[in-house]
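Note sheet for the following structure.
The values are calculated or read from the model by the stated rules, or taken from the named source; none is laboratory data. Note that the structure is a prediction, hence the values are computed from the model and not measured. Counting neighbours? That spans all protein chains shown, and the Cβs are built from the backbone with ideal geometry, glycine included.
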Amino acid sequence: MTFDIYETITNKIIAQIESGKLPWLKPWESKGAGKAATKSFLPFNGSTGRNYNGLNLLLLGCTNYESNAWYSFKQCAELGGNVRKGEKSTMVIFWQFSKVKDKVTGEETEIPFMKHYSVFNFEQCDNLPEPKHIAGTPVNYNSIDELVKELGVKLGHGGDRAFYSPALDAIQMPLHTAFASETLYNATLCHELTHATGHATRCNRDFKGRFGNEAYAFEELVAELGSAFLSAQLDIEPVLQHNSAYIQSWLKVLKNDKKVIVTASSQATKACRWVLDRIPQEAALAA
C-alpha cells in the first residue's frame, strides 16, 4: 500500500478530535529535571534547541508526554542516549522545494512538497543530557489590546459578540468583564486577530463565501489554529472557545478533504508570522 502523508496526518488529527481532545490546545509548559523547564508552550527539538511550529504542533499535540523535547533516533544516539526498546515514534513534517522548468518559457518555478521523519520524546529515551532549548527573547507587548492597535487593526468593545468585520476591517469584542477570565479574553482576541490577518492588505485570504458552510468552517479552523499558535508564542494559555457544533463542522471539512488540515495550518502559520514580524522581538519563529 502506498503511504499517503496527507491521509495519514488527517486521520491522526480526526482520531484525536473524535477522542475529545483538540491537538492544538496542548499546553507545552513543562517543569522538572529532564523536562526543560521553560515558559514556552512550544515543543522543541532537544538537540538543536529550535521550536517546532505550524502543523508539527498539531502532530506532537496528539501525544500525552509531559516533556516538550523531541529527538530523531540519530540525534538521540549522537547525544549518547538511546531510545527504549518498543517505543513508538511520532511523525513530524518538513517542506522541500523542487525546481521545475517550464518547457515553453524556460522559466524555473519552485514546487513545495512535504516530507516526514520520525521523532521520539525525551521520556521515551534513556541517558540523554538535559534538553537544549533556545528560549529566545520574550515578545515585547504590554497587553493584547495594545498589540492589536499597534498592528493597525481597529478594535472596539461592547455588545455580547466577538467578531471581525472584513468590510470595516475592525474587531469587535465584549468588555473584558464579560469574560470568565483574562486568559479567555486574550485567546478570543487572538482568534479574531487571526481573522483580521486575512484582509487584502495583510495575508490576503479569500473571504468569499466566508459565511457559507464549508468555506466558513475552513476560515474558522484557520482562526482557531492561528489563535493557538499565537497564544503559544505570546505565553497565553490555550483554551477551547467553541462548542461541539463548531468541532463537528471542522470534522466534516477534514473528512471531505485530506489536504485541508495542511492548508489550514499553513494559513494559520502565515497569520501568526504576520503578527509576530510586526512585534519588537529578537526571537523568530522556528521551522
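A few notes on this one:
- With respect to the stated conditions, Glu110 is out of contact with any helix residue (DSSP H, G or I) (no Cβ under 7 Å at 6 or more places or on another chain) and not assigned by TED's automatic domain parsing to the domain that holds Gln267.
- Highlighted here are the strands (runs of 3 or more DSSP E) found entirely within the stretch 77-170 that include at least 2 residues which are hydroxyl-bearing (Ser, Thr, Tyr) and in contact (Cβ under 8 Å) with a residue 40 or more places away in the chain: 108-121.
- A Cβ distance below 6 Å, combined with a sequence gap of six or more or placement on separate chains, defines the contacts here; from the stretch 35-51, residues that are within 21 Å of Glu237 (Cα to Cα) reach residues that are modelled with pLDDT under 90 and not in a loop (DSSP other than H, G, I, E, B) in the pairs Phe41/Ala232; Leu42/Asn51; Leu42/Ala232; Phe44/Asn51.
- Among (1) assigned by TED's automatic domain parsing to the domain that holds Trp24; (2) farther than 30 Å from Glu7 by Cβ - the single one Ser118 does not satisfy: (2)
- Checked against the criterion of being within 30 Å of Leu168 (Cβ to Cβ) and of a type outside the set (A, V, I, L, M), the stretch 90-113 has no qualifying residue.
- Which listed residue, of Gly106, Gly54, Gly32, is out of contact with any strand residue (DSSP E or B) (no Cβ under 8 Å at 6 or more places or on another chain), at pLDDT below 90 and surrounded by 12 or more Cβ atoms within 10 Å (Cβ to Cβ): Gly54
- With respect to the conditions (1) surrounded by 23 or more Cβ atoms within 10 Å (Cβ to Cβ); (2) of a type outside the set (Asp, Glu); (3) modelled with pLDDT of 90 or more, Ser47 falls short on a single one, namely (1).
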